[in-house]
Amino acid sequence: MSERFLYDALLIGLLISAAGSAGVLSFIPAPYGRHIRAGWGPTLENRLGWVIMEAPAAVVFAVCFAAGEYRDTLTAWAFFILWEAHYVHRSFIYPLELNSTRKRMPVVIASMGFLFNVLNSYVNGRYLFTLSGGYPDRWLADPRFVAGLLLFLAGYTINRHADRTLRHLRHRNASGYAIPYGGLYRWISCPNYFGEIVEWFGWALATWSLPGLAFAVWTAANLAPRAQSHHIWYREHFKSYPPQRRALLPGLW
């Protein structure tokens, strides 16, 4: 079996899993965070679970970059920095910002996240730095890269701002959850998820690649149902929840 055959099979598998994930999560919220519940087997400490889930994305992508045939261009370095800016933070900084050591995460959820990030990072990293044949430095001036970079940076900024809002809210309300305000929370319940979806569609545009698009679609398939679950949870738990807010798309949904 050639690497290319295996690679194509994994890429198709990611796209199929996106559809399956969206279908399942629309009816069964993933059991971590505010949706944690019994019946999902052994659990581990929440911070450790996040590191286990997310760290492979930073590590595998870095290995693909180091072993790549086309890594010695400014464009390759730009892709590497964008990816690692997200995942180094998500893997090793964000977990430390979680202020509760009492929360737990099912081992099965951490394991599924670990597996996805290994496969997704390989599919994206291997394509960009080897199978694509390389991106020339002039790609940095291509309108697709420029537009994608702006989307990526906008999504990254929205995601980080929303996460900071939630973190400060938790520090002030250590006994439980509260209604977040400010920024895009004025219009939607989950600007953190909105930002991450925008970020990875920006990545898909900047790389102009099927692996990038597959990742963006998978991100939306995973986070859109979770945003809806969060939105419903807020409305059920807070009678004063702002009625004008939508789950993910301002004024629409």
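Quick notes on this one:
- Dimensions of the stretch 31-139 from C-alpha coordinates, computed as largest minus smallest value along each principal axis and given longest first, are 52, 24, 19 Å.
- The chain: C-alpha gyration tensor shape, a/c 1.5 cut-off, then a/b vs b/c: prolate
- Model label points for Thr157 and Ala9, set 7 angstrom from Cα along the Cα-to-Cβ axis, are 4.4 nm apart.
- Using the Cβ of Leu44 as centre and a radius below 15 Å, the other residues enclosed give a net charge of +2, where K and R count +1 and D and E count -1.
- Full-extension gain in nm, Asp72 to Ser111, via 0.36 nm per residue minus C-alpha separation: 10.7 nm
- Value of [θ]222 nm, deg cm²/dmol, for the chain, DSSP H segments ≥ 4, -39500 (n - 2.57) each, nearest 500: -21500 deg cm²/dmol
- Helix runs (DSSP H) in the chain reaching 27 Å along axis by Cα, Kyte-Doolittle at least -1.0: 3-25, 46-67, 107-126, 143-172, 210-237
- Net charge contributed by nearby residues that have their C-beta within less than 14 Å of Trp187 (K/R +1, D/E -1): +3
- Within the stretch 139-252, the proportion of Cα pairs with more than 23 Å between them is 34 percent.
Every number here is computed from the coordinates shown, using simple stated rules; none is lab data. Here the structure is a predicted model, which means the values were calculated and not measured. Note that we place each Cβ from the backbone using ideal geometry, even for glycine, and neighbour counts take in every protein chain shown.
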